1. Among the strands (runs of 3 or more DSSP E) confined wholly to the stretch 37-84, which include 3 or more residues that are modelled with pLDDT of 90 or more and closer than 30 Å to Tyr112 by Cα?
2. Identify the residue in the stretch 17-36 that is part of a strand (DSSP E or B) and either of a type in the set (S, T, N, Q) or in contact with a helix residue (DSSP H, G or I) (Cβ under 8 Å, 6 or more places away or on another chain) (or both) and, among all such residues, is surrounded by the fewest Cβ atoms within 10 Å (Cβ to Cβ).
3. Name the strands (runs of 3 or more DSSP E) wholly inside the stretch 107-191 in which the number of residues that are without any contact (Cβ under 8 Å) to a residue 40 or more places away in the chain and on the phi < 0 side of the Ramachandran plot is 3 or more.
4. Go through the stretch 93-126 and give me each residue that's among the small types (Gly, Ala, Ser) and more than 27 Å from Gly205 (Cα to Cα).
5. So Val163 clears everything in (1) surrounded by fewer than 14 Cβ atoms within 10 Å (Cβ to Cβ); (2) touching a Leu at 6+ places or on another chain (Cβ under 6 Å); (3) β-branched (Val, Ile, Thr) except one condition, right? Which one?
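The values are calculated or read from the model by the stated rules, or taken from the named source; none is laboratory data. Just so it is clear, the structure is predicted and the values come from calculations on it, not from any experiment. Neighbour counts run over all protein chains shown; Cβ positions are idealised from the backbone, glycine included.
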Amino acid sequence: MVSLGLNAGIGLASGANAWFANPAFTAADTGDGVAKLPAFIADFRRDRFALTSVATANIASSSVDALVVPRSSAFADMFSYARSSAAEFIDAAGVAQQAVADVPRFDYRNGYRQLLLEGPATNLFLNAFAPATQTIAVVNATQYTVSCRGSGSLTLSGAATGVVTQSAPLTFTAASTSLSLAVSGALSRAQVETGAVASSFVQTGAVAATRGADSCRLSPAGESKSRGVPRRCL
């Protein structure tokens with residue numbers, strides 16, 4: 001799981017008073033030592049982005065001084081994002097939501113807005129958003145992580161033993177091919193996935209379900225406009 005955010009700059013204006021003109025974004029040019037703004041700024045935390053004002057076709061022939069005059073832009077202009085499935089995130093109110101396929105997740109689980117990027121994951125726990133006691137098949141000698149959300153718990157037996165709560169996921173290596181999970185109390189989510197880390201919950205029904213990997217890279221415009229010039233992207 002990767003979360004990206006940036007906390008710099010203030011104000012929402014234009015021209016010299018624009019947020020991206022804040023001196024906090026400047027850095028010394030290695031050529032002349034003069035502090036300059038970057039030509040590419042991505043502020044995920046405050047949902048604001050800026051690109052050089054120079055047209056893509058003119059970048060190669062433009063000077064650094066011309067390139068480092070940014071303008072307001074949008075996430076979709078600067079990044080190409082894809083995900084093959086729906087995926088869960090936590091909104092600003094702390095409520096779990098589902099983002100449809102190919103829609104980026106801006107997650108607030110750490111108290112501030114972040115772009116959430118994860119690899120693929122398959123949840124083996126059936127009817128995971130209405131957890132009930134069950135036994136599932138696992139692969140012997142394979143590593144799994146069990147997690148849950150709510151005030152209750154999961155008690156494991158068979159391939160592993162232990163108690164899982166919202167604040168205490170459990171990672172284990174399966175000792176057999178059958179894992180039993182007994183639900184106690186009130187749970188709203190449960191997940192059994194391979195690997196050593198608990199990822200965002202994947203909704204399942206009568207069969208296991210897989211969340212596709214998040215893919216985020218510079219868009220063609222973002223890549224061409226940021227190549228070879230200063231950038232800020234955290």
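1. Filter on the stretch 37-84 gives 79-82.
2. We begin by selecting, within the stretch 17-36, every residue part of a strand (DSSP E or B); these are 27-28, 35-36.
Next cut, either of a type in the set (S, T, N, Q) or in contact with a helix residue (DSSP H, G or I) (Cβ under 8 Å, 6 or more places away or on another chain) (or both) only: 35-36.
Working: Ala35: 10, Lys36: 19.
This residue is Ala35.
3. By residue number, 153-158, 170-173.
4. Restricting attention to the stretch 93-126, the residues satisfying the condition of being among the small types (Gly, Ala, Ser) are 93-94, 96, 99, 101, 111, 119, 121.
If the condition is that a residue be among the small types (Gly, Ala, Ser) and more than 27 Å from Gly205 (Cα to Cα), then Gly111 is the only one that fits.
5. The single condition Val163 does not satisfy is (2).
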